[in-house]
1. Which of the residues belonging to region 50-77 are under 20 Å from the mean Cα position of the chain (by Cα) and of a type in the set (S, T, N, Q)?
2. Could you tell me which numbered condition Asp202 fails, if it satisfies all but one of (1) at pLDDT 95 or above; (2) more than 21 Å from Leu87 (Cα to Cα); (3) more than 17 Å from the chain's Cα centre (by Cα)?
3. In region 85-117, how many residues are within 11 Å of Tyr58 (Cα to Cα), part of a strand (DSSP E or B), free of Cβ contacts under 8 Å to residues at least 60 places away in the same chain and out of contact with any Asp or Glu (no Cβ under 8 Å at 6 or more places or on another chain)?
4. Please work out if Thr161 is surrounded by 13 or more Cβ atoms within 10 Å (Cβ to Cβ), polar (S, T, N, Q), under 24 Å from Ile5 (Cβ atoms) and in contact with a helix residue (DSSP H, G or I) (Cβ under 9 Å, 6 or more places away or on another chain).
5. Considering region 1-19 alone, what residues qualify as being part of a loop (DSSP other than H, G, I, E, B) and crowded, with 19+ Cβ neighbours inside 10 Å?
6. In region 43-60, is there at least one residue being without any contact (Cβ under 8 Å) to a residue 24 or more places away in the chain and either on the phi < 0 side of the Ramachandran plot or part of a loop (DSSP other than H, G, I, E, B) (or both)?
7. Which one of these is over 21 Å from Arg135 (Cβ atoms), buried (at least 17 other Cβ atoms within 10 Å of the Cβ) and polar (S, T, N, Q): Thr53, Thr22?
8. Identify all residues within region 170-223 that are part of a helix (DSSP H, G or I), under 16 Å from Ile147 (Cβ atoms) and not polar (S, T, N, Q); write none if there are none.
Amino acid sequence: MKLWIAGTVAQIKAVAATGLATAIVTNPTVVAQWTAAEKKPIEDIALDVVQSTGLPLYIQLHGPSAATFLAEARALRRLNPLILPKLPSTTEGFIACRALADEGIPVLVTTVCSVNQAYLAAVAGASSICPYFARLGESGQDPAAFIATVAALYARLGIKTEILPASIRTLAQAEAALVAGASGVIIFDELYRQLCDHGVTDASLKGFESDWAKTIYRFENKL
């Protein structure tokens, strides 16, 4: 299972420090926000993020041609091999994905909204795909059913491409994606901080605290 995170630079560094995140993901909106907030080029920010966190960072590239995607990906990877490409589900994106995959570079393919696109991403050698969960639901599709269909197809064909949905806006959507067959989820900091919330957990801890108040112990002195 994987937990990929998004957010401000400060937020992702804080989550990375917990040891629970396995990668960091951007989109053009996040990249624009980073550069506006940090007053630096994305190259400088990306290098700082991977050096600070030690985590892979997927940067969504601009393109739109395969040649431009490849030039952008290689320029970023010269800075640090932890900076990885995120490409759209377009013909040019798939061409670039195939070339990068042939070089052994993990590629995240985004905007995957159909089984055909998921199939092409796998043919192109994508290490992972990124369906949009909430956006698919808003378009009239059943996103959980879509993930289940793609997961079953990949399993039947022995495809190693992983499914990491984004556009996860609620805890229920995160659970639905995982149950449907996703390898993990891509979530923003605000939702990450809610993942362990549950009323039964809170009530149980409250009861445990009253029991601790009655317990004799010394181990706190050794912390």
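The values are calculated or read from the model by the stated rules, or taken from the named source; none is laboratory data. Everything numeric here is computed off the predicted structure, so don't read it as measured data. A quick note on method: Cβ atoms are made from the backbone with ideal geometry, for glycine too, and the neighbour counts reach across all protein chains shown.
1. Gln51, Ser52, Thr53, Gln60
2. (1)
3. Number satisfying all stated conditions: 2.
4. Here the answer is yes, as Thr161 does meet what is asked.
5. Answer for region 1-19, where residues must be part of a loop (DSSP other than H, G, I, E, B) and crowded, with 19+ Cβ neighbours inside 10 Å: just Gly7.
6. There is at least one residue in region 43-60 that is without any contact (Cβ under 8 Å) to a residue 24 or more places away in the chain and either on the phi < 0 side of the Ramachandran plot or part of a loop (DSSP other than H, G, I, E, B) (or both).
7. Matching residue, one of Thr53, Thr22: Thr53.
8. Residues satisfying the conditions are Ala172, Ala174, Glu175, Ala176, Ala177, Leu178, Val179, Ala180.
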